[in-house]
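S.K.: Let me begin by handing over the structure; questions about it come next.
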Amino acid sequence: MKNLLFLFLSINSISFGQSKFTVYFDTDSHQLKLSELNRLDDFLKNKDLKFTKVIGYCDYRASNRYNDTLALKRANFVFGIIEKVTNQKQLVIESKGENFEQNSDLALNRKVEIYFEEILVKIEEEVVSYGLENQFLKAKVGDKLVLKNLYFYNRSGILRPESKPVFEELLAIMRANPKLKIEIQGHICCQKGKDVEDTAKIRALTIYNYLVNNGIAANRLNYISFGSTLPIHKIPEKTEEERNENRRVEIQIIEN
């Protein structure tokens with residue numbers, strides 16, 4: 001495989017200019033469906049943002065009181081994700097219920113608006129290595145590589161912020177090695193038996209979507225869930241470190 005040089009950035013930030021991002025909900029639901037969760041996840045991890053406010057809305061059906069409550073639940077649900085992913089806690093949370101100018105397309109009224117300020121960055125380059133390239137250089141067809149320092153929040157496909165460089169390094173390797181084909185294998189921690197929420201599959205799919213959305217051909221990729229059937233540490237785990245290591249994604253080399 002080709003040698004790669006990875007440059008990551010230390011940032012001095014200046015925030016300005018408030019903008020808005022919107023996610024949409026199904027009828028009577030205060031939780032986002034998977035497609036909207038993925039859209040929100042991509043939004044949160046690909047930008048440097050300072051969040052200021054989340055506002056929940058409903059369409060006009062049902063009572064005003066019901067809609068106020070549902071809209072607030074939607075806002076709090078989105079705030080919970082922002083808090084986990086970014087560790088930003090000082091946001092204004094509001095509910096407007098049905099009390100706004102309604103769109104004739106009711107689906108566009110079932111929403112949460114996220115207000116944020118984009119951050120300009122002053123860039124200072126420094127070389128950072130996560131060792132993934134060295135693993136690939138030594139790997140042969142059939143080998144499995146653990147994506148170290150790639151961590152997810154519990155029971156979700158949402159990456160912890162410190163995992164972003166690993167994503168970027170894997171993408172760079174796939175771009176530099178056009179013949180490389182891989183299988184992305186998702187694993188969960190903490191519970192034996194069936195993965196009812198299919199979290200391991202969602203985690204593998206998160207990486208698959210990231211690579212495809214950044215130009216890697218889908219025929220070079222496959223993804224699969226192993227649930228909790230192949231833990232590194234015996235379940236139940238004894239420490240958070242063990243849970244993080246079981247809550248993982250592995251890459252198997254299919255073609256090189």
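Only the coordinates and a few stated rules stand behind these numbers; no lab work does. Keep in mind it's a predicted model, so treat the numbers as computed, not measured. Using ideal geometry, Cβ is built from the backbone for each residue, glycine included, and neighbour counts are taken over all protein chains shown.
S.K.: Let me know the volume per residue of the alpha-carbon convex hull for the chain, in Å³.
M.R.: 153
S.K.: Given only helices, namely DSSP H runs of n ≥ 4 each adding -39500 (n - 2.57), what is the per-residue ellipticity at 222 nm of the chain, to the nearest 500 deg cm²/dmol?
M.R.: -9500 deg cm²/dmol
S.K.: Just add up the charged neighbours of Arg203: K/R +1, D/E -1, any other residue whose Cβ is under 9 Å from the Cβ of Arg203.
M.R.: Combined, the nearby Lys, Arg, Asp and Glu give +3.
S.K.: So if we plug the beta-carbon distance of Asn256 and Lys84 into 1/(1 + (r/R0)^6) with R0 = 30 Å, what FRET efficiency do we get, rounded to 0.05?
M.R.: My answer for the efficiency is 0.25.
S.K.: Next question. How do His187, His30, His233 line up, fewest other C-beta atoms within 10 Å first?
M.R.: By the 10 Å Cβ count, ascending: His233, His30, His187.
S.K.: If I stretch the segment between Glu94 and Lys144 completely, what's the gain in nm (0.36 nm per residue apart, minus their alpha carbon distance), one decimal?
M.R.: 13.3 nm
S.K.: Among all cysteines in the chain, which have no other cysteine Cβ under 4.7 Å from their own Cβ?
M.R.: Singleton cysteines: Cys58.
S.K.: Rank by packing, highest mean first: peptides 215-223, 201-209, with packing defined as the count of other Cβ atoms within 10 Å averaged across residues.
M.R.: Highest mean packing first, the order is 201-209, 215-223.
S.K.: Taking the Cβ of each residue in Val146, Val54, Val85, Val212 as the centre, tally the other Cβ atoms inside 10 Å and list the residues starting with the fewest.
M.R.: Ascending Cβ contact count within 10 Å gives the list Val212, Val146, Val85, Val54.
S.K.: Turning to a different aspect of this structure: If you put +1 on each Lys and Arg Cβ and -1 on each Asp and Glu Cβ, how big is the dipole of the chain around its Cα centre, in Debye rounded to 20?
M.R.: 520
S.K.: Students often get this wrong, so check it: of Lys181/Lys238; Lys84/Lys111; Lys84/Lys234; Lys84/Lys201, which have C-alpha atoms separated by over 24 Å?
M.R.: Distance filter (> 24 Å) returns Lys181/Lys238; Lys84/Lys234.
S.K.: On average over all directions, what projected area in square nanometres does the stretch 29-99 have, based on the convex hull of its Cα atoms?
M.R.: The number I arrive at for the stretch 29-99 is 4.8 nm².
S.K.: List the residues, sorted by chain then number, that are 5 or more residues from Ser95 or on another chain and whose placed amide H is less than 5 Å from its amide H.
M.R.: Residues meeting the amide H criterion: Gly56.
S.K.: Below 11 angstrom from the Cβ of Leu132, what's the summed charge of the other residues (Lys, Arg +1; Asp, Glu -1)?
M.R.: Charge balance in the 11 Å sphere: -2.
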